[in-house]
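Each value in this text was obtained by applying a stated rule to the coordinates, not by laboratory testing. Predicted model only: the values in this text are computed from it and were never measured. With ideal geometry, Cβ positions are generated from the backbone for all residues, glycine too; neighbour counts draw on all protein chains shown.
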Amino acid sequence: MADPFTFRPIRPEDDPAIAALIRAVMPEFGADGPGFAIHDPEVSAMSAAYSGPRSAYFVVEMDGRVVGGAGIGPLEGGDADTAELRKMYFLREARGQGMGERLLQHVLGVARERGFTRVYLETLTGMDSAIRLYERLGFRRLDRQLGGTGHHGCNRFYMRDLVPAVTT
C-alpha cells in the first residue's frame, strides 16, 4: 500500500493552511494562552520566517492537504551551534502513523547539514506522544529553558546532540 503522506519544503501558498493547523492543534493541548508559539508573529507567514540560510520548514501532506509540519532554525538567544526544533504539529488524523518520526529525522538531518551540533526544543506536559518520540530519538530532558524564545508557557525542555555528518 502506498504511503499516504509526503513532506516537502513550505511554500508561500502553504502559509494559510499551516497557520490554521497550528491554531487548531495548540488549543487541544492547552497551549493557546500567553507564552505559547501560537502567538508568534511568524505563524501567519511561516514560509518567509523559515527562508533564512540556516532555517527550514517542512509541511506534511495527505491526499494533497496540509496535515502537519515542523521546522528548524537558530535558537533565539542561543549560541551559533544550537538549533531549535520549531512548530512540529500534526492534525489528529495524521498522528500515530509514523510520520512524526520520519519528519523529525529529516529535520535533524537538515540541522546537521546547516552546521548545527545540537537541537533544542520546548514542549508542554500533556504532549505525551511527542515527548515519547523525542526521548526515543535521543533527546534528553533539561531542567531549564534555554535561549530567548518567549515561550514561557512551555514547561518541558530537551536537547539532542547531532552526530557529525560523515564526509567522504
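Extending 7 Å from Cα along the Cβ direction at residue 152 and again at residue 32 yields two label points whose distance is 2.2 nm.
Backbone N atoms of segment 25-45 closer than 14 Å to the 7 Å Cα→Cβ label point of residue 125 belong to residues 30.
Residues of segment 1-36 with an amide N closer than 12 Å to a point placed 7 Å from the Cα of residue 114 along the Cα-to-Cβ direction: 10. For segment 94-110, the residues whose amide N sits under 19 Å from a probe point set 7 Å from the Cα of residue 65 along the beta carbon direction are 94-100.
For segment 45-168, relative contact order (Cα pairs under 8 Å, six or more residues apart, normalised by length) works out to 23 percent. May I ask for the net charge around residue 33, where only other residues with Cβ less than 14 Å from the Cβ of residue 33 are counted and Lys, Arg are +1 while Asp, Glu are -1? Net charge around residue 33: -2.
The distance between label points at residue 40 and residue 23 comes to 1.7 nm (points 7 Å beyond Cα on the Cα→Cβ vector). Net charge within 9 Å of residue 161 by Cβ-Cβ distance, Lys/Arg positive one each and Asp/Glu negative one each, not counting residue 161 itself? After counting each charged neighbour, the total is +3.
Fewest neighbouring Cβ atoms within 10 Å first, the residues 15, 81 line up as 81, 15. Size of segment 1-160: Rg and Dmax of its alpha carbons, in Å, are 14.5, 45.
Shape class for segment 1-79: oblate, because the ratio a/c of the largest to smallest gyration tensor axis (alpha-carbon atoms, square roots of eigenvalues) is 1.5 or more and b/c is at least a/b. Backbone phi angles across segment 61-73, fed through the Karplus curve with coefficients 6.51, -1.76 and 1.60 (θ = phi - 60°), yield HN-Hα couplings of 10, 9, 6, x, 10, 6, 10, x, x, 6, x, 9, x Hz in residue order; Gly and Pro are listed as x. Panel order for 13, 76, by other beta carbons found within 10 Å of each beta carbon, from fewest to most: 13, 76.
Listed by Cβ neighbour count within 10 Å, with the fewest neighbours leading, 137, 124 appear as 137, 124. With contacts taken as Cα pairs under 8 Å and at least 6 residues apart, segment 4-78 reaches a relative contact order of 38 percent. The orientation-averaged shadow of the Cα convex hull for segment 1-46, equal to a quarter of the hull surface, comes to 4.3 nm². Looking only at 115, 69, 98, which one moves most when the chain is put into a Gaussian network model with springs between Cα atoms under 10 Å? Of the options given, 98 has the highest mean-square fluctuation. Note on the chain: with a GNM built from Cα contacts shorter than 10 Å, the maximum mean-square fluctuation among 47, 55, 129 falls on 129.
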